[in-house]
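*Asks:* There's a structure below that I have some questions on.
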Amino acid sequence: MYLYRDEEWLREHYVEKGMTLKEIAELLGCSIAPISNYARKYGLERPKEPSYNSTYVEILCHNCNSPFINSLRHFSRRIRRGQFELYCSHKCATDFQRGKPCPSKGRSGESSSSWKGGVSGVNECLRDAIRLWKRDVARSQNYTCYITGKRINNFHIHHITPFHEIRDAAITELGIAFKPTLAENAESDIERLKALIVEKHEQERGYVVTAKLHQLFHSIYGYKTTEADFDEFKERYLSGEFNAQLTQKEAV
């Protein structure tokens, strides 16, 4: 009996050890064809190496220092061109090249220009605090949309509990007299509020989803939703119910 006819032997060498058909043929002193036939017969496939185009990496924007992901091909192409300073968006690249780096880069609290004068709202600051939570959710789900099952670059993280409810619960728990702008709030209160919101998000389940589908979901179900609502939306999407709406949005 030829060893390649033994399913376990062939699985060990072809799948587990990762030998090529050519290497197995040379090992056994036979042609590739019968080994290939038995590999197909047993449904054996070698683990695919990640392709150059489908390998994604995360780096920090040179301007705003925010983490963002893109394909290895995207980054490599720019590095080959001598573009070693990489940006999360065209706006960040343009701002940096015009000598206007992100106002909050390297600064926080009252030393930040976004704090002075209360220009930025508290919500913007608080949402920024959960950026790492969003990144961890995306990583744990391999940047794959829960609805479509496809890997995506530009994603939203869907909360089952709306962000404003988590924020309001934290405000109530801390007994903070909430004001709409940063300048009207004590920095220590904002830092306590951020820490509690982050802590509450650690118990919160998030879902990676495309921006378009996230917007469509909330336009149909509103913002007081459940996991069952999100699963129902997924079933309706996969049945093709929203094809016309999505196509119409793309045409606008």
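*Asks:* Only one residue in ARG205, ARG192, ARG236 is among the basic types (Lys, Arg) and under 21 Å from ALA138 (Cα atoms). Which one?
*Replies:* ARG205
*Asks:* Another one. Quick check on region 242-249. Is at least one of its residues within 29 Å of CYS64 (Cβ to Cβ) and touching a Lys or Arg at 6+ places or on another chain (Cβ under 9 Å)?
*Replies:* Checked region 242-249: at least one residue is within 29 Å of CYS64 (Cβ to Cβ) and touching a Lys or Arg at 6+ places or on another chain (Cβ under 9 Å).
*Asks:* Can you find, within region 166-189, the residue that is nearest to the chain's Cα centre (by Cα) among those that are touching a residue at least 60 places away in the same chain (Cβ under 8 Å) and surrounded by 18 or more Cβ atoms within 10 Å (Cβ to Cβ)?
*Replies:* LEU182
*Asks:* So, one more: Is it the case that some residue within region 199-208 is of a type outside the set (D, E, K, R), within 16 Å of CYS145 (Cβ to Cβ), in the same structural domain as THR144 (by TED's automatic domain parsing) and in contact with a helix residue (DSSP H, G or I) (Cβ under 6 Å, 6 or more places away or on another chain)?
*Replies:* Yes, some residue in region 199-208 is of a type outside the set (D, E, K, R), within 16 Å of CYS145 (Cβ to Cβ), in the same structural domain as THR144 (by TED's automatic domain parsing) and in contact with a helix residue (DSSP H, G or I) (Cβ under 6 Å, 6 or more places away or on another chain).
*Asks:* Sort through PHE163, PHE155, PHE242, PHE233 and tell me the only one that's surrounded by 15 or more Cβ atoms within 10 Å (Cβ to Cβ) and touching a residue at least 60 places away in the same chain (Cβ under 8 Å).
*Replies:* PHE233
*Asks:* Please work out which residue is nearest to GLU45 (Cα to Cα), limiting yourself to region 21-34 and to residues that are under 43 Å from the mean Cα position of the chain (by Cα) and surrounded by 12 or more Cβ atoms within 10 Å (Cβ to Cβ). Break it down stepwise before answering.
*Replies:* Quick first cut of region 21-34, residues under 43 Å from the mean Cα position of the chain (by Cα) only: 21-25, 32-33.
This time we only want the ones that are surrounded by 12 or more Cβ atoms within 10 Å (Cβ to Cβ), so: 21, 23-25, 32.
Working: LEU21: 11, GLU23: 15, ILE24: 14, ALA25: 16, ILE32: 15 Å.
It comes out as LEU21.
*Asks:* Is it the case, given these coordinates, that ARG192 is among the basic types (Lys, Arg), touching a Phe, Trp or Tyr at 6+ places or on another chain (Cβ under 8 Å), without any contact (Cβ under 8 Å) to a residue 60 or more places away in the chain and farther than 19 Å from LYS134 by Cβ?
*Replies:* Judged against the criteria, ARG192 is not a match.
*Asks:* Please state which of the following conditions GLU12 fails to meet, knowing it meets all the rest: (1) within 29 Å of ARG139 (Cα to Cα); (2) modelled with pLDDT of 70 or more; (3) of a type in the set (Asp, Glu); (4) out of contact with any Pro (no Cβ under 6 Å at 6 or more places or on another chain).
*Replies:* (1)
*Asks:* Report, by residue number, each residue of region 1-19 that is outside any helix (DSSP H, G or I) and under 39 Å from the mean Cα position of the chain (by Cα).
*Replies:* Within region 1-19, LYS17, GLY18, MET19 qualify.
*Asks:* Let me ask you something else. Of all residues in region 123-137 being among the hydrophobic types (A, V, I, L, M, F, W, C) and assigned to a helix (DSSP H, G or I), which is modelled with the highest pLDDT?
*Replies:* Residue satisfying both the conditions and the ranking: VAL137.
The values are calculated or read from the model by the stated rules, or taken from the named source; none is laboratory data. Keep in mind it's a predicted model, so treat the numbers as computed, not measured. When we count neighbours, we look across all protein chains shown, and the Cβ atoms used for this are built from the backbone with ideal geometry, even at glycine.
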